[in-house]
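J.: Have a look at this one before I ask anything.
The values are calculated or read from the model by the stated rules, or taken from the named source; none is laboratory data. The structure presented is a predicted model; accordingly, all values stated were derived computationally and were not measured. Methodologically, a virtual Cβ is constructed for each residue, glycine included, from the backbone with ideal geometry; neighbour enumeration extends over all protein chains shown.
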Amino acid sequence: MSALRTLSILAALPVVLVASAASAASFEVTLRPAYGGAGDASPTVYEPSGLVKLTDPDALYNQTLKPYGAGLNLQAYLGVRVSSWVSVGFMGGWRSNSATSDQAHDGLARSALMAGPYLRVYVPIVPVIEPWLGLGVSYVHDLQTWKGSVATTAGPRVVDQTLEHHGVAVPITVGADYKILPMLAAGLSFQYAPVFGVGGCYKAEGGGIASTSFCTDEAADKKITASKGYGMWSLGLNLRLTVPPT
């Protein structure tokens, strides 16, 4: 009888351990409004590699115009605090850049969306202050839009133009939070994320012309667009809710 009892206890042990881990975990939600930048020039650029060339590429497209500055960033993190030291989860964010318009780039705007998993490691030095390091991998969709003139066989036409960039970012974040309440903390953080370009397009449409696009996936002898890497940085405020508190 004792042997059967021992076997039943051993069989139930994995279930007990999993249930114990689940009960020990806490849900963690973090909001991070921030101010930051992503370079002053377009990461999608005019770079012909074959016989096809444009006689007069747009100044944004060939990077002779660098009109972008820093702007507002908003990020949200939803995760699980698996221990007092570690949390894992998924994040999403939106980034804007200030932009200087001119007559050739009316209504110029640049923004980006990003999303991906993250890992955060806490170092609870003292009970109410938690320094931490965050690492992640995110997809980033960067979009620039404006109205400007393009040359056509019927003469110059004002059309809608876009520069689109697809990238993979590796956000690295350092921060420190102060526990206002057992389940509520606030603090500051700095984030830097190198973005590796994986694709992009220049497009012009509207104004009575046929839609035109030049993308990075064109054949080598027709390719005129390249997707470059760039860096994103931001200084932000952390507002974190942990339920139940750790």
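J.: Regarding region 52-72, can at least one residue be identified that is surrounded by fewer than 16 Cβ atoms within 10 Å (Cβ to Cβ) and touching a Lys or Arg at 6+ places or on another chain (Cβ under 6 Å)? Working first, answer last.
T.: Applying the first criterion (surrounded by fewer than 16 Cβ atoms within 10 Å (Cβ to Cβ)) to region 52-72 yields 52-56, 62, 64, 66, 69, 72.
Adding the requirement that they be touching a Lys or Arg at 6+ places or on another chain (Cβ under 6 Å) leaves 52.
Yes - at least one qualifying residue is present in region 52-72.
J.: Further question on the same structure: For residue 179, only one of the following conditions fails: (1) surrounded by 15 or more Cβ atoms within 10 Å (Cβ to Cβ); (2) closer than 30 Å to residue 55 by Cβ; (3) touching an Asp or Glu at 6+ places or on another chain (Cβ under 9 Å); (4) not polar (S, T, N, Q). What is its number?
T.: Against the list (1) surrounded by 15 or more Cβ atoms within 10 Å (Cβ to Cβ); (2) closer than 30 Å to residue 55 by Cβ; (3) touching an Asp or Glu at 6+ places or on another chain (Cβ under 9 Å); (4) not polar (S, T, N, Q), residue 179 comes up short only on (2).
J.: Name the one entry in 159, 126 that is closer than 30 Å to residue 83 by Cβ and of a type outside the set (S, T, N, Q). Lay out the reasoning, then the answer.
T.: Working: 159 fails: closer than 30 Å to residue 83 by Cβ.
Exactly one residue qualifies, and that residue is 126.
J.: Within region 60-88, which residues are outside any strand (DSSP E or B) and in contact with a strand residue (DSSP E or B) (Cβ under 8 Å, 6 or more places away or on another chain)?
T.: 60, 61, 62, 63, 65, 67, 70, 82, 84, 85
J.: Please specify each residue of region 200-211 satisfying the condition of being free of Cβ contacts under 8 Å to residues at least 12 places away in the same chain and not hydrophobic (A, V, I, L, M, F, W, C). Let's see the steps before the verdict.
T.: Going residue by residue through region 200-211, those that are free of Cβ contacts under 8 Å to residues at least 12 places away in the same chain are 210-211.
Residue satisfying the conditions is 211 alone.
J.: Next up: Within region 154-191, how many residues turn out to be more than 18 Å from residue 37 (Cβ to Cβ) and aromatic (Phe, Trp, Tyr)?
T.: Looking only at that region, the number is 1.
J.: Here's something else I'd like to know. Taking strands (runs of 3 or more DSSP E) that do not extend beyond region 148-246, which have at least 1 residues that are at pLDDT 95 or above?
T.: Numbers: elements: 157-169, 172-181, 184-206, 209-215, 225-227, 230-243.
The qualifying strands (runs of 3 or more DSSP E) are 157-169, 172-181, 184-206, 225-227, 230-243.
J.: Given the condition at pLDDT 95 or above, in a strand (DSSP E or B) and either under 9 Å from the mean Cα position of the chain (by Cα) or exposed (fewer than 14 other Cβ atoms within 10 Å of the Cβ) (or both), answer yes or no: does some residue in region 101-112 qualify?
T.: yes
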